[in-house]
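For reference, the structure is listed below as structure tokens.
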Amino acid sequence: QGLKPLVPTESPAPIFGTSKPPSDLPATESFLGTNKVPDLQKVFQRSDGLPVHLKRGLPDKMLYRTTMALTIGGTIYCLIALYIASQPKNK
């Protein structure tokens, strides 16, 4: 009689030690799709004088302008809130 061991005495099967993937997983090419990196490298490395954050056209311009508008609006809002908070309250 005695206590049962809390830890199993056998080591589990290695997870990362196998050289081939398990057969129940699908092939990696089926869900990875095509490699778009070379096409994007051509777009971003083109020397056309545009900054890299505006290279992809209209969506980048809209995202940049929206970000700038929110940043400027937030700065103005914070300055107004600080001004209002700095004024003494009238009783």
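Pull up the cross-link candidates among the lysines for K91, meaning alpha carbon to alpha carbon under 16 Å and not fewer than 8 places away within one chain.
none
What FRET efficiency, computed as 1/(1 + (r/R0)^6) with R0 = 35 Å and r the Cβ-Cβ distance, is obtained for L32 and E10, rounded to the nearest 0.05?
Details: r = 36 Å, r/R0 = 1.03.
Here the calculated transfer efficiency is 0.45.
Once ligands and nucleic acids are excluded and a 1.4 Å probe is used, how much of L54 is accessible, expressed in Å² to the nearest 10?
30 Å²
Which order do S11, S86 take when ranked by solvent-accessible area (1.4 Å probe, heavy atoms of all protein chains), largest first?
Ranking S11, S86 by accessible area, largest first, yields S11, S86.
The values are calculated or read from the model by the stated rules, or taken from the named source; none is laboratory data. Only a predicted model underlies this, so the values are computations on that prediction, with no experimental measurement involved. Every residue, glycine as well, gets a Cβ built from its backbone with ideal geometry; the counts of neighbours run over all protein chains shown. Please note that ligands, DNA and RNA were not included when accessible areas were found on the heavy atoms of the full protein model with its side chains. Shrake-Rupley method; radii C 1.70, N 1.55, O 1.52, S 1.80 Å.
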